[in-house]
Ligand SMILES: [Zn+2]
Ligand SMILES: [Zn+2]
């Protein structure tokens, strides 16, 4: 299996609209490891559609506890359990992840207890371990190194960009963040930088449509990055490919790929992918040098 990134859910924010993309979740297959980054609604369906056997679930990382990144963590683990999960799974998340998981198991207690007795299943509560991390070193295991950087996503303080290094390949996820220059150092020389992005002209239209006007606009501007800012981080970091993800707005018929390109090309001339649900980025296709334009 070649190393690849699959963008399972590519929109920013938790709301769903007919025909639109789904909230944040990604699959990273690198060095034989199956890694899930964020578990927004749709992650289970996305993994199955990407050909992943749920009982082979291995590592899960949660960047922060906003619902568009964590809402389906419990349902994913529970579904993997009913699919015959045979090996332990570790969930790495910010402080509070363990609380979420324990309360999820409490909410599902009736079903969990009955399946253990009736179907002879092992206890899911003993198969899943949660490891809460802070900034810095997260994991060093069988050649896979994971590090975290606290980013700027008020009012959430425990929100972390993640860097995965394995066999000379590296992939960085920005998580949700306002323009945050330290991300450039953190992403130095990465093969892929998956950075969140919003589009200025789409914000007013989104705010008008959602109805919670001023407060929503305030949150978006304080806590998220414009596509131009994502491009700036990618340029400063010298990454080999920039992937714009967690798109805001993501389901506005008036906003298309050309609009994203026009914005990000002001600051980024290198290889570029604009996320959509189910899109695959092969790591082997990432070129050795920055600069070739494909999109
Ligand atoms: Zn988000
Ligand atoms: Zn968030």
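Computed from the coordinates by the stated procedures, all read-outs in this text should not be read as laboratory data. Worth saying up front: this structure is predicted, and the values here are computed from it rather than measured. Virtual Cβ from ideal backbone geometry, glycine too; neighbours counted across all protein chains shown.
Which order results if 142, 17 are arranged by neighbouring Cβ count within 10 Å, fewest first?
Working: 142 9, 17 12.
Placing the least packed residue first, the sequence is 142, 17.
Can you sort 285, 26 by how many other beta carbons sit within 10 Å, fewest first? Please list the in-between numbers first.
Details: 285 12, 26 27.
Ordered by Cβ neighbours within 10 Å, fewest first: 285, 26.
Quick check for you: which residues of the range 150-164 have the amide N under 18 Å from the point 7 Å beyond the Cα of residue 215 toward its beta carbon?
Counting only backbone N, you get 154-156.
Calculate how steeply helix 97-107 sits against the longest principal axis of the alpha-carbon atoms of the chain, using the helix alpha-carbon long axis, and give the answer as 0 to 90 degrees to the nearest 10.
It is inclined by approximately 50 degrees.
Relative to the compact-globule scaling 2.2 N^0.38 Å, provide the ratio for the alpha-carbon radius of gyration of the chain.
Values: Rg = 18.7 Å, N = 295, 2.2 N^0.38 = 19.1 Å.
Compactness ratio reported: 0.98.
Quick one: if you stick a label point 7 Å off each Cα along the C-beta vector at residue 118 and residue 185, how many nm between them?
The two pseudo-label positions are separated by 5.6 nm.
With the Cα gyration tensor of the range 96-152 in hand, convert its eigenvalues to equivalent ellipsoid semi-axes via √(5λ) and list them largest first in whole Å. If you can, show how the numbers build up before the last one.
On the way: eigenvalues 199, 49, 7 Å².
Equivalent-ellipsoid dimensions as semi-axes: 32, 16, 6 Å.
Per Stokes-Einstein, at 37 °C and 0.692 mPa s, what whole-number D in µm² s⁻¹ belongs to the range 1-70, with the Kirkwood radius over Cα pairs as the hydrodynamic radius?
269
Share of antiparallel DSSP beta bridges in the chain, in percent to the nearest 5?
On the way: 33 of 60 bridges.
Once the DSSP bridges in the chain are tallied, antiparallel ones form about 55 percent.
Sorted by packing (mean other beta-carbon atoms within 10 Å per residue), highest first, where do 161-172, 99-110, 218-229 land? Can you show the working numbers first?
On the way: 161-172: 21.2, 99-110: 13.8, 218-229: 19.2.
My ranking of the peptides, most packed first, is 161-172, 218-229, 99-110.
Per residue of the chain, what 222 nm ellipticity follows from adding -39500 (n - 2.57) for every DSSP H run with n ≥ 4, rounded to the nearest 500?
Numbers: 11 runs with 93 residues, N = 295.
So the calculated ellipticity at 222 nm is -8500 deg cm²/dmol.
If you line up the long axis of helix 227-237 against the longest principal axis of the chain, both from Cα atoms, how many degrees apart are they, to the nearest 10?
Long axis of 227-237 versus the principal axis of the chain: about 90 degrees.
Just to be sure I understand: if I project the alpha-carbon convex hull of the range 183-284 onto a plane and average over all orientations, what area do I get in nm²?
Seen from a random direction, the Cα hull of the range 183-284 projects 6.6 nm² on average.
Label residue 265 and residue 141 with points 7 Å out from Cα along Cα→Cβ: what is the distance between them in nm?
Roughly 4.3 nm, to one decimal.
Running Debye on the range 137-228 with equal point scatterers at the Cα sites and no solvent, what base-10 log of I(q)/I(0) appears at q = 0.19 Å⁻¹?
-0.87
What spacing in nm lies between the two simple spin-label points modelled at residue 86 and residue 48, each 7 Å away from Cα in the Cβ direction?
Inter-label distance under the simple model: 2.0 nm.
With angles folded into 0 to 90 degrees, how steeply does helix 213-223 sit against the dominant principal axis of the chain? Use alpha carbons for both and round to 10.
90
By how many nm would the segment from residue 125 to residue 285 grow when fully extended, if each residue of separation counts as 0.36 nm and the alpha-carbon distance is taken off?
Contour length minus Cα-Cα distance gives 53.6 nm.
When only C-alpha pairs under 8 Å and at least 6 residues apart count, what is the relative contact order of the range 132-191, in percent?
Details: 105 pairs, mean separation 15.9, N = 60.
Relative contact order for the range 132-191 comes out at 27 percent.
Round to the nearest 0.05 the FRET efficiency obtained for residue 222 and residue 134 when R0 = 25 Å and r is the Cβ-Cβ distance.
Numbers: r = 23 Å, r/R0 = 0.91.
With R0 = 25 Å, the Cβ-Cβ based efficiency is 0.65.
What is the ratio of the Cα radius of gyration of the range 193-235 to 2.2 N^0.38 Å, where N is its residue count, to two decimals?
Numbers: Rg = 11.4 Å, N = 43, 2.2 N^0.38 = 9.2 Å.
The value comes to 1.24.
Which of 34, 82, 63, 157 has the fewest other C-beta atoms within 10 Å, and how do the rest follow up to the most? Before the final figure, lay out each step's value.
Details: 34 18, 82 14, 63 29, 157 11.
The fewest-first ordering by Cβ neighbours comes to 157, 82, 34, 63.
Per 5 Å bin, what percent of the C-alpha pairs of the range 1-158 does each bin hold, from zero upward?
Spelled out per bin, shortest first, that is 2, 8, 18, 21, 21, 16, 9, 4, 1, 0.
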